[in-house]
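Taking it in order: structure first as structure tokens, then the write-up.
All of the numbers you see were taken from the coordinates with simple rules; none came from a lab. These figures come from a predicted structure and were not determined experimentally. Cβ coordinates were reconstructed from backbone atoms using ideal geometry, including for glycine residues, and neighbour counts include every protein chain displayed.
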Amino acid sequence: MDTELLSRIQFAFTIAFHYIYPPLSIGLGVLLVVMEGMYIKTKQKIYENITRFWIKIFSLIFAMGVATGIVMEFEFGTNWATYSRFVGDVFGSALAAEGVFAFFLESGFLAILVFGWKRVSPKMHFFSTIMVSFGSMLSAVWIVVANSWQQTPAGYHLQNNNGVMRAEITDFWAMVFNPSSVDRLLHTLSGAWLAGAFLVLSVSAFYILKNRHVDFGKKSMKIALSLAVFASLFQLFTGHQSAVGISKTQPVKLAAFEGHYETKSAPLYLFGWVNDSEQKVNFGIAIPGMLSYLVYGDVQTPLKGLNEFKPEDRPPVNIVFQSYHLMVAIGMTLIGLSFLSLALLRKERLFKSKLMMKILVVSVLLPQAANQLGWISAEVGRQPWIVYNLLRTKDAFSKSVTSGGVLFSLILFTIIYALLFVLFLFLLDRKIKHGPEESSDSDSVYSEQRIIFEKNK
């Protein structure tokens, strides 16, 4: 097999597997702040139980995220050495910032979050929870900044060092706030919040269905549902803003999203199958002029089509089209589920509906699928460029690696990651089946801490 293709498959596989965990930790981190905040405010044991249970889940997810993310750092140097030399100054700065300002913040306070219940004051523990949550989102900031620069480069110049081209930063903040970074960051965070919210909704629904830890499940579900409602709408808004931005910075990608070939008023397809050879969408249902309206506010405004670009500068259209439309469909489903659950809750019917509980149990898969499809749309839609309009993917991989070596490492990674995933599911299942620790008011950690710190005054 082709070395470039194998290298692309390997990196896509490792990053897709890794990205199961960061959205969960980001979303769950936000919910932990709310849960422990409720505990600090009300001093009710149930919120202590909720917080401590989800901290255990968070710790497991965090550990898996760290373990699966390290591999990609090595792949930059082994499989993508040309790319690493080209963007090292830019990408290295962002990754260094992520390590120094985000990862160490998150991991440092994680120790207090996990082990500090009886060792620090309630307020200090709550502060640690906030810092862990903030650190997880700050980590996302720098990773998205680095990736966004590849999509819309800014704040750089090209330097020729003995025949080797290299992008070097000339304006750090222009690099950070490149044309797509803010929109993509907000969209990424909203997807992560949904992933965390629906994980909590899923587990809570499971407990309610099994008639175990019912009070725990109801209160956890209410907290998670609030985030799900907000995040689902916010994701719709940020998705729209991202599409508007793409129309200006990467018009070929937007055209691929909708299988749009001719420069004219553009329809919005609900679904279909792109026939690239005939330059049309088969079996599709479209709303005439709707894409033009969403982008420009006018159904008659022409949108640049794929034929405005050279064939060699276009992405594989059908892959981008399908991943994008599946992502949108799942996103709309999540909005529907969130608001339907909210309506049932207000009518006091949510916890009585076994059907809705069963749907919420399996709904945990939907944000994960949407997040993966979103990245496929963004990354495949950028092709054939690894750095947009600067470096082609075919020119970025390491010329010294062999197809056999890449294939062997791919098989090895697949086996190891499969074992890690099985271990993750086993540990997660065991923690969920064990359930939260049931404590009484008398042995509440808050009460113990309060007594200890009052004595030490």
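Laid out as a table, the results:
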| item | result |
| --- | --- |
| Contour excess over end-to-end distance, with Cα ends at Leu270 and Met72 and 0.36 nm allotted per residue | 67.8 nm |
| Globularity index of the range 362-444, i.e. its alpha-carbon radius of gyration over 2.2 N^0.38 Å | 1.82 |
| Other-chain or far-sequence residues with amide H under 5 Å of Leu391's (modelled H) | Ile386 |
| Sequence-distant residues sharing a close amide H with Ala286 (under 5 Å, placed H) | Leu270 |
| Helix runs (DSSP H) in the chain reaching 18 Å along axis by Cα, Kyte-Doolittle at least 0.0 | 3-18, 21-42, 45-78, 81-97, 122-151, 181-210, 214-249, 317-346, 365-382, 403-434 |
| Loop-located chymotrypsin sites (Phe, Trp or Tyr not before Pro) in the range 75-114 whose Cβ has at most 16 other Cβ within 10 Å (DSSP) | none |
| Identified option (computed Cα extents along the principal axes in Å; candidates (1) 70, 45, 34; (2) 66, 59, 50; (3) 72, 53, 41) | (3) |
| Cα centroid separation, the range 349-424 to the range 173-191 (Å) | 20 Å |
| Amide proton proximity set for Lys264, modelled H, under 5 Å, gap of 5+ | Leu303, Gly305 |
| Integer Hz, Karplus 6.51/-1.76/1.60 couplings in order for the range 153-165, x for Gly and Pro | x, 7, x, 9, 9, 8, 10, 9, 10, 6, x, 9, 7 |
| Size of electric dipole in the range 183-228: Cβ of Lys, Arg +1 and of Asp, Glu -1, about Cα centre, debye, nearest 20 | 200 debye |
| Most to least packed among 30-42, 352-364, 48-60 [average Cβ atoms within 10 Å] | 48-60, 30-42, 352-364 |
| Computed label-point distance, nm, for sites Thr333 and Asp298 using a 7 Å Cα→Cβ extension | 3.8 nm |
| Which of Leu419, Phe11, Gly381, positive extreme of dipole for the chain (C-beta unit charges) | Leu419 |
